[in-house]
1. Taking springs between alpha-carbon atoms closer than 10 angstrom, which of 54, 78, 39 fluctuates most in the Gaussian network model of the chain?
2. Just add up the charged neighbours of residue 52: K/R +1, D/E -1, any other residue whose Cβ is under 15 Å from the Cβ of residue 52.
3. Report the relative contact order of the range 2-114, percent, no decimals, based on alpha-carbon pairs under 8 angstrom and at least 6 residues apart.
4. Suppose every K and R has +1 on its Cβ and every D and E has -1 on its Cβ; what is the size of the dipole of the chain about the Cα centre, in Debye to the nearest 20?
5. Using +1 at the C-beta of Lys and Arg and -1 at the C-beta of Asp and Glu, which of 68, 107, 2 has the Cα lying farthest in the positive direction of the dipole of the chain?
6. Where in the range 10-115 are there chymotrypsin sites (Phe, Trp or Tyr not before Pro) that are in a DSSP coil and have at most 15 other Cβ atoms within 10 angstrom of their Cβ?
7. According to the Cα gyration tensor, what semi-axes, each the square root of 5 times an eigenvalue, does the equivalent ellipsoid of the range 2-114 have, listed from largest to smallest in whole Å?
8. Between the DSSP loop rule and a limit of at most 16 other Cβ atoms within 10 Å, which GluC sites (Glu not before Pro) in the range 53-105 are left?
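Read the figures in this text as sums done on the coordinates, not as results from a lab. All values derive from a computational prediction rather than experimental measurement. Ideal geometry is used to build each Cβ from the backbone, glycine not excepted, and the neighbour counts take in all protein chains shown.
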Amino acid sequence: MNILKKNNGIRALANITGGGITENLPRIFNSKNIIAEIDTNKWKKGEIFNWLQDQGNISDSEMLKTFNCGIGMTLIVDPKETKNILNLLESFGEEGMLIGKILESTNQDKLVTYK
């Protein structure tokens, strides 16, 4: 809440629990013409997720849909405020990272893509 009070560049928040990024992030889209492009190389997936994937023989796409894979909350921010918000997060003892971007798209087959 302190971050919201100190910066108006945050456009939306999505809690990433069951459904992972794949299902939770699109719930905050206010337009039918946008998608999220997420770079899975931007964060270290915890060993528990590697173990679950190996033990359950679970595909990468299913892991990202079913589990959070280490991402607990996503903030959609004004691109001009990204650095300021990351600094604010750090000042409050939180670890923030840029993991993707919102893009305009008329292709609504996949609202979240991974690279």
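1. Residue with maximal mean-square fluctuation among 54, 78, 39: 54.
2. With Lys, Arg at +1 and Asp, Glu at -1, the neighbours total -2.
3. Here the relative contact order equals 47 percent.
4. 380 debye
5. Positive-end residue among those listed: 2.
6. Hits after loop and neighbour filter: 43, 92.
7. Ellipsoid half-lengths, sorted descending, are 24, 19, 11 Å.
8. Taking the range 53-105 and a limit of 16 other Cβ atoms within 10 Å, the loop GluC sites (Glu not before Pro) found are 94, 95.
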